[in-house]
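One structure below.
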Amino acid sequence: MADTVNTHLDPQLNRRGFLKGVTMAAAALGLSEAMIPKMVEAAASGERPRVIWLHFQECTGCTESLLRSSHPDLARLILDIISLDYHETVMAAAGHQAEHNLHETVNNHPFLLVVEGAIPTKDNGIHCMIAGKTAMEILAEVAPKASAIIAIGTCATFGGVQAAAPNPTGAVGVWDLVKDKPIVNIPGCPPNPVSFLGTILHYLTFNRLPLMDKLNRPLFAYGRRIHDHCERRAHFDEGRFVEQFGDEAHQMGYCLYKVGCKGPETFSNCPAVRFNGVEVWPVSVGHGCIGCTEPNFWDTMTPFYDRLPQVKIPGTGIVEDADNIGKKVLGVTAAAIGVHAAVGIGKGLIKGKSSHE
Amino acid sequence: MATYEKKKCWSVLFRLFHWMYALSIVTLCITGFYINGPWTNTMIEGSASFPMAFARFIYFTAGYVFAGAIIIRTFLYIFGNKQERVWDILPITPRNIKNLFSTILRYAYISENHEVRLGHNVLAGLTYLFTFVVAIFMIISGFFMLFPEVATWQGIGTAVFGNQQWGRYLHHLLMWWFMMFALIHVYLCIWNDVKEPEGIISSIFTGDKFLHK
């Protein structure tokens with residue numbers, strides 16, 4: 001089997017690296033060791049699925065993190081098991097030639113569509129235009145012909161930072177616009193390349209998309225909360241907390257709950273799979289999770305360094321901590337009770353007699 | 001001199017509900033505040049002390065008592081005695097609408113007129129009903145956070161709250177309603193006990209009220 005690998009794939013990718021990449025993806029998928037040969041076979045078969053990769057309103061960080069993962073084999077594996085017919089960042093073609101490649105694949109071949117970036121919908125979508133067409137038009141043209149769609153990154157899944165209130169460009173995720181196609185959401189800012197590779201390999205091996213949660217996120221990567229798998233969890237249960245960044249507890253590596261870590265609210269495999277092949281992720285280097293895999297995280301997870309969002313009272317411009325408002329409202333309630341009681345007592349004193357005697 | 005007659009008002013199950021509800025709310029507020037913003041801290045490692053795990057254990061236990069109380073109340077709203085059923089307090093009959101306004105006027109010291117009524121007055125009953133609805137939201141958001149991986153809770157929670165953080169946020173905000181409610185509830189019980197010797201406070205222990213003959 002190992003020999004067939006090199007006949008079909010880029011000779012730069014050696015056997016060891018290839019197997020390592022597939023094994024990583026199998027582990028991330030939670031598949032048994034016995035499945036690895038099947039996956040290797042699927043990944044090594046000459047029939048590479050055609051992939052169109054559309055970039056819309058985004059920073060290209062998802063592609064960057066994919067290409068710059070410090071396991072170079074992983075990035076190369078992704079690029080080698082798929083035939084990337086159109087990808088604005090890495091394709092050699094430009095201008096009309098690039099457009100031609102896109103239409104050639106869309107019209108003549110089955111393909112997987114990967115979308116990176118949100119789609120602006122306000123003002124007829126003019127806030128993001130490529131080759132004279134709006135992102136909405138391009139998606140409407142390409143998506144119906146795709147066999148499945150993978151939305152990579154929080155922008156393509158839930159709108160991302162562009163969709164943060166007041167969402168000036170009306171940015172939305174792919175699944176808000178495309179309703180009749182199987183869609184896998186792989187959110188994250190950026191998501192782990194292993195989650196993307198795992199989804200692709202799952203599709204290649206089993207010919208169907210992985211099991212997903214209510215937000216269409218594959219369960220193998222987004223099935224559990226960060227908090228429940230966190231290496232600092234023991235410090236949480238045993239009451240050892242960082243009070244502020246740089247304090248002694250921070251140096252000791254204690255729990256970041258009090259400085260606003262959103263691990264308890266966020267589903268992702270970060271603590272298990274980690275990033276960049278050097279076993280790091282935000283919490284391991286001393287910064288709390290900001291919840292980037294969750295819908296509307298710019299609005300619901302901020303302030304990043306507090307536990308809960310602040311209360312905004314519309315029309316008044318009041319933005320305050322929930323507990324401060326709660327204390328005030330409770331104080332006003334107590335004062336009202338005091339006034340009520342005083343009025344009753346005062347009235348009783350004036351009348352002099354209770355009516356029931 | 002008015003004469004009073006002892007009347008059976010609240011069933012044993014209703015009183016059980018009340019005290020499960022009351023005690024679990026107090027426990028949930030205190031441990032809930034701790035879980036949201038743990039006010040203790042330590043640098044001791046390797047000791048057998050688990051303040052957060054302990055607080056969470058107490059919290060979840062109280063949460064189940066709270067949910068149990070709401071199940072009992074749901075049952076009583078439909079199958080309880082006359083005073084306990086939901087129809088007794090809904091302002092849909094002329095008697096109940098009249099009682100709603102007379103209660104508001106009486107609480108505002110505008111009228112001294114006290115309607116003899118065995119169960120809740122309609123204003124109180126509606127407040128309890130509202131609190132019951134809030135409690136259901138607390139239970140949904142609570143189980144959504146406790147069992148994030150269970151498809152049922154994930155489905156309901158995601159549909160109602162969007163994500164875990166928003167469920168947590170509303171769970172926290174709605175807690176303040178229970179604290180306000182408790183304050184007003186206890187005050188008005190004392191107020192009514194002072195105004196009318198019906199034994200409103202003892203009724204939640206004994207189940208009996210005293211009404212004008």
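For the segment A:296-308, counting C-beta atoms of other chains within 10 Å of every residue's C-beta and taking the mean gives 3.
A straight chain from A:Val319 to A:Ala131 at 0.36 nm per residue would run longer than the Cα-Cα distance by 63.4 nm. At full extension, A:Val311 and A:Val161 could sit 52.0 nm farther apart than now, given 0.36 nm per residue minus the alpha carbon distance.
Taking only Cα atoms, what is the 0 to 90° angle, nearest 10, from helix B:94-107's long axis to the longest principal axis of chain B? Long axis of B:94-107 versus the principal axis of chain B: about 80 degrees.
Averaged over peptide A:231-243, the number of partner chain Cβ atoms lying within 10 Å of each residue's Cβ comes to 5. The 3J(HN,Hα) values that the Karplus relation (6.51, -1.76, 1.60; θ = phi - 60°) gives for the stretch A:204-218 are, in residue order, 5, 6, 9, 6, 8, 7, x, 4, 10, 8, 5, 9, 6, 8, x Hz. Gly and Pro appear as x. Cross-link check: pairs A:Lys312/B:Lys98; A:Lys122/A:Lys312; A:Lys133/A:Lys181; A:Lys122/A:Lys327 evaluated at a Cα-Cα cut-off of 31 Å; pairs beyond the cut-off: A:Lys312/B:Lys98; A:Lys122/A:Lys327. Roughly what % antiparallel, to the nearest 5, for the DSSP beta bridges in the protein assembly as shown? Of those bridges, close to 45 percent are antiparallel.
Taking amide hydrogens as placed 1.01 Å from N in the peptide plane, the amide H of A:Met212 sits under 5 Å from those of A:Leu219, each at least 5 positions away in sequence or on another chain. Can you tell me the 0 to 90 degree angle between the C-alpha axis of helix A:322-351 and the longest principal axis of chain A, rounded to 10? Helix A:322-351 sits at roughly 20 degrees to that axis.
Within the straight-line cut-off of under 16 Å between alpha carbons, the lysines reachable from B:Lys8 are B:Lys82, B:Lys209, B:Lys213, sequence neighbours fewer than 8 places apart in one chain being disregarded.
The alpha-carbon of A:Lys347 sits under 19 angstrom from the alpha-carbons of these lysines, leaving out residues fewer than 8 places away in its chain: B:Lys195. With a Förster radius of 30 Å applied to the beta-carbon distance between A:Lys347 and B:Lys98, the computed FRET efficiency rounds to 0.80.
Taking label positions 7 Å along the Cα-Cβ direction at both A:Lys145 and B:Lys8, the computed distance is 7.8 nm, reported to one decimal. Each stretch of four or more DSSP H residues adds -39500 (n - 2.57); spread over every residue of the protein assembly as shown, this sum gives -16000 deg cm²/dmol at 222 nm. Near the amide H of A:Ile290, within less than 5 Å, lie the amide hydrogens of A:Lys262, all on another chain or at least 5 residues away, with H placed in the peptide plane. Per-residue 3J(HN,Hα) values for the stretch B:144-155, derived from phi via the Karplus relation 6.51 cos²θ - 1.76 cosθ + 1.60 with θ = phi - 60°, read 4, 7, 6, 10, x, 9, 7, 4, 4, 5, 5, x Hz in sequence order (x marks Gly and Pro). Residue-wise HN-Hα couplings along the stretch A:168-174, as the Karplus relation 6.51 cos²θ - 1.76 cosθ + 1.60 with θ = phi - 60° gives them from phi, are x, 9, x, 5, 9, x, 4 Hz; Gly and Pro carry x.
Quick note: the coordinates plus some simple rules give every number you see, no bench work behind them. Since we're looking at a predicted model, the values are computed, not measured. All Cβ positions, even for glycine, are placed from backbone atoms using ideal geometry, and neighbour counts span all protein chains on display.
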